[in-house]
Every structure is written in C-alpha cells, then in structure tokens.
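The values are calculated or read from the model by the stated rules, or taken from the named source; none is laboratory data. What you see is a predicted model, and the numbers here were worked out from it, not measured in a lab. Cβ placement follows ideal geometry from the backbone for every residue including glycine, while neighbour counts extend to all protein chains displayed.
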Amino acid sequence: MSAVLRFAPSPNGRLHLGHAYSALLNDSVARRRGGTWLLRIEDIDPIRATPENVAGIEEDLAWLGLDWPRPPRRQSEHMREYQGGAEKLRAAGLLYPCGCSRGEIAAAVAAREAETGQPWPRDPDGSPLYPGTCRHLPLAGREALAASGRPVAWRLDIGRALAVSGPVSWRAFEPDGRVWSVPASPERWGDVVLVRKETPTSYNLSVVFDDAVQAITHVVRGVDLEAATDIHALLGAILGLPEPLYHHHRLLTDEAGQKLSKSRGSLSLAALRQAGETPEGLRRRLGFA
C-alpha cells in the first residue's frame, strides 16, 4: 500500500517558515515512500477561517512548488461525520455534557489549590485539568443539562475511556524507516472537550476522523503536537479506526527561541516573497534543496 500523508493547516492567517518546513517535509517523505500527500483545511473555526486565508494557503504552497490532489478536504464540510463519531462515544457512555465556563473552571481550580495548598495538575499544554464538576452530576442532572438549551460542551470521561481501551500506545517512525512503539498516557490530558459549545466537534475529534477517512498512513507534524497523539491514539482505539504512523519534527524558532506562530506575527511566506525571497532559496534554507 502506498504511503498517504497530509498537511493540515488552520486558515487563521498566512503561512510562515514553520509551515513551509512541515509541508516540504511531508512532500519529501511522501516522495521517498512512493506515495502522496493531501492538503486538508482545518476550518472548524468559522470566524477565523476566511476565504482569503484559505486562498493564501494554496497560493503559498503553489509558490513553494508543491502540488496536491484537488479539491482539499475542508473540515467545515464534514460536520455530520464528526457528529456521528461523537454520538458513538455518547452511546457508549464516554461523553458527558459540561456547562462550565472558563471562569467557573478557574475558580474551582483556585478553590482546590487554596484548600490543599498544592498546585492543581496541569495538562501538557500547561492548562489546569478539568476538576470534574459536571462529571460528578447524577444522571438526572446530566440529562437536564443536556436538554436545557444552554450551550454545553461534551467532555470525554477519561477514566471510563481508559477502562474500555486498556493500555494505549502509538507507533512512531523516522524518515529513514525505523518504527517503534510509544506508550501513551492519555490521562495526563484529563477530561478533554471533544464537542465544543460553539462547534459540533473539536480538533482532537476531527483530526482522528479525517485521518481515518482519508486513509492516512503516515502523520508528519510538529513536535508541539506529540503529546496530543496520546488522545488521538485513545480515540482511534475506542472507535476501531486504523492507526497511522507518526513523526513529530522539530519546530522552527525566532531569534528569541520561541516557535514561529501566526499569533505572534511571525514573518509570513507572502512577506518573504514580497521581499525577494525565491522558492529555491527558501528550500535551501530549510534543507530541501
């Protein structure tokens, strides 16, 4: 079976050098393995996912000399698929409704820390773990919350999920061909949100379904997403989805040592192009001459 990879940016701004590195690495690995890579537009955020940003992604990738099958998959066009996945998890008793606001969660965590004198556990991204406020509601309370018409998120009951899945692992690979198993620890994420209040899905739920539907065999993405692979492997195991191999590449950083980011205004490929940068020069700079 030929390798199938994917480059999956969020259209919330123009691509920068870090995106270029990831796209070129996907292309390189796909070519080395006699396969292909797909462009996926992760546009579940309807406010920031503007048509101009989507067009900018394709323009930047084409300028780099890359090509991909058209049309790209757009997550906004597949909400029913994600809803179906969430319904399977609900039917299995693995999701529960949560009406807590960020302020309420922060207040509950602060109260626990004041009571115990100990810092509350954090997830790999540094956010406090959800304290389980709505998980502890009786069944009648959960049903009333879900039927209230109030915006609710749906969280994964991580304890029940791990009881169903048993020990979880995922397979890592290096472009030179090495493959090994990595034990996963999904519990360090706590009860993650799989269905957001404003959107009938989340990144973690969507990405697992997309990779399965698109028959992705190799996932090449930044090391900042390595910890999230624990949740993706857990969801894949529970839902019986195919398991891709994962490679998490280094991140490009700025002069201050911080990773390149749209939110911090990192120099975009469009700006580099306007300043006279050429695709060939950029490829050489990134090690893809």
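Tabulated data for the structure shown
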read-out: Considering residues of segment 214-251 that are within 18 Å of SER2 (Cβ to Cβ) and of a type in the set (A, V, I, L, M, F, W, C) only, the residue surrounded by the most Cβ atoms within 10 Å (Cβ to Cβ); value: VAL220
read-out: Unique match (being within 17 Å of the chain's Cα centre (by Cα), among the hydrophobic types (A, V, I, L, M, F, W, C) and modelled with pLDDT of 95 or more) among ALA30, ALA62, ALA23; value: ALA23
read-out: PRO200 vs. criteria under 24 Å from the mean Cα position of the chain (by Cα), modelled with pLDDT under 95 and either at positive phi or surrounded by 10 or more Cβ atoms within 10 Å (Cβ to Cβ) (or both); value: yes
read-out: Top-ranked residue in segment 122-143 [being exposed (fewer than 13 other Cβ atoms within 10 Å of the Cβ) and over 17 Å from TRP154 (Cα atoms); ranked as nearest to the chain's Cα centre (by Cα)]; value: ASP125
read-out: Residue within segment 24-40 that is among the β-branched types (Val, Ile, Thr), closer than 26 Å to GLY177 by Cβ, in contact (Cβ under 8 Å) with a residue 60 or more places away in the chain and part of a helix (DSSP H, G or I) present; value: yes
read-out: All positions within segment 160-209 that are farther than 16 Å from ILE238 by Cα and assigned to a helix (DSSP H, G or I); value: ARG188, TRP189, TYR203
read-out: Identity of the residue in segment 2-14, modelled with pLDDT under 95 and touching a Gly at 6+ places or on another chain (Cβ under 9 Å), that ends up surrounded by the fewest Cβ atoms within 10 Å (Cβ to Cβ); value: SER2
read-out: Where a residue in segment 75-93 is without any contact (Cβ under 8 Å) to a residue 12 or more places away in the chain and its partner, wherever it lies, is assigned to a helix (DSSP H, G or I), with Cβ under 9 Å and at least six apart; value: GLY84/PHE209
read-out: Members of segment 147-159 that are assigned to a helix (DSSP H, G or I) and crowded, with 18+ Cβ neighbours inside 10 Å; value: ILE158
read-out: Helices (runs of 4 or more DSSP H) contained entirely in segment 43-144, each with at least 1 residues that are hydroxyl-bearing (Ser, Thr, Tyr); value: 79-91, 102-116
read-out: Single residue of ARG160, ARG150, ARG155 found to be basic (Lys, Arg) and free of Cβ contacts under 8 Å to residues at least 60 places away in the same chain; value: ARG150
read-out: From ALA49, ALA106, residue being over 20 Å from ASP211 (Cα atoms) and at pLDDT below 95; value: ALA49
